[in-house]
1. Would you mind stating whether Val135 is at pLDDT 90 or above, of a type outside the set (Ser, Thr, Tyr) and in contact with a Leu (Cβ under 8 Å, 6 or more places away or on another chain)?
2. Could we say that Val110 is among the aliphatic types (A, V, I, L, M), surrounded by 13 or more Cβ atoms within 10 Å (Cβ to Cβ) and more than 30 Å from Asn22 (Cα to Cα) here?
3. Just need a number here: residues in the range 64-85 that are of a type outside the set (Val, Ile, Thr) and in contact (Cβ under 8 Å) with a residue 24 or more places away in the chain.
4. Looking only at the range 49-60, decide whether some residue is surrounded by fewer than 16 Cβ atoms within 10 Å (Cβ to Cβ), assigned to a loop (DSSP other than H, G, I, E, B) and at pLDDT 90 or above.
Amino acid sequence: MNIRGWIRLGLAGCAVALVIVNWAIRRVPTRTALTDMQVVAVDAVPDAAAEAPGGSTEPSLVNDGWYVRNMATAHGAFVIEVEAEDPAQTEMIAHALIEPIQADYDEILVYVNKVGDESDLPARRMQWTPGGGYVEITYDQPSPDR
């Protein structure tokens, strides 16, 4: 076998090893987590004002000045996309969303866009990790007339 054959064999072996390692270490949802899930339509989300104060430990998904547009979780990380009237309120929004669930994740990212802004770049991002706490990044967005 020539050198190209050995290289191909080595690459194939690495690919197989990566697949096996990924399969072995991925998190498997527990039966409790699966039975506790509840899917509701967006119209069925209760109004934040209608909830009893202090009655729930879950984060509010809707507020007067902001709402959750999208959420995704994988491998211990949770990403939340929010549209807000005032992206300068990112810290308050992030604390409201992160504090009730921070014990369940290794990293939580909250991306905040201005309401109606459809650009790919959010106005701000708040990252939370157990070791680093809260870290906010403000992205510079070019003005529309540029």
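1. In short, no.
2. Numbers: among the aliphatic types (A, V, I, L, M): yes; surrounded by 13 or more Cβ atoms within 10 Å (Cβ to Cβ): yes; more than 30 Å from Asn22 (Cα to Cα): no.
Against the criterion (among the aliphatic types (A, V, I, L, M), surrounded by 13 or more Cβ atoms within 10 Å (Cβ to Cβ) and more than 30 Å from Asn22 (Cα to Cα)), Val110 does not qualify.
3. Taking the range 64-85 as the starting set, the residues that turn out to be of a type outside the set (Val, Ile, Thr) are 64-67, 69-72, 74-78, 81, 83-85.
Imposing the further condition that a residue be in contact (Cβ under 8 Å) with a residue 24 or more places away in the chain reduces the set to 65-66, 69, 75-78, 81, 83-85.
Result for the range 64-85: 11.
4. Among the residues of the range 49-60, not one is surrounded by fewer than 16 Cβ atoms within 10 Å (Cβ to Cβ), assigned to a loop (DSSP other than H, G, I, E, B) and at pLDDT 90 or above, which makes the answer no.
The values are calculated or read from the model by the stated rules, or taken from the named source; none is laboratory data. This is a predicted model, so every value here is computed, not measured. Methodologically, a virtual Cβ is constructed for each residue, glycine included, from the backbone with ideal geometry; neighbour enumeration extends over all protein chains shown.
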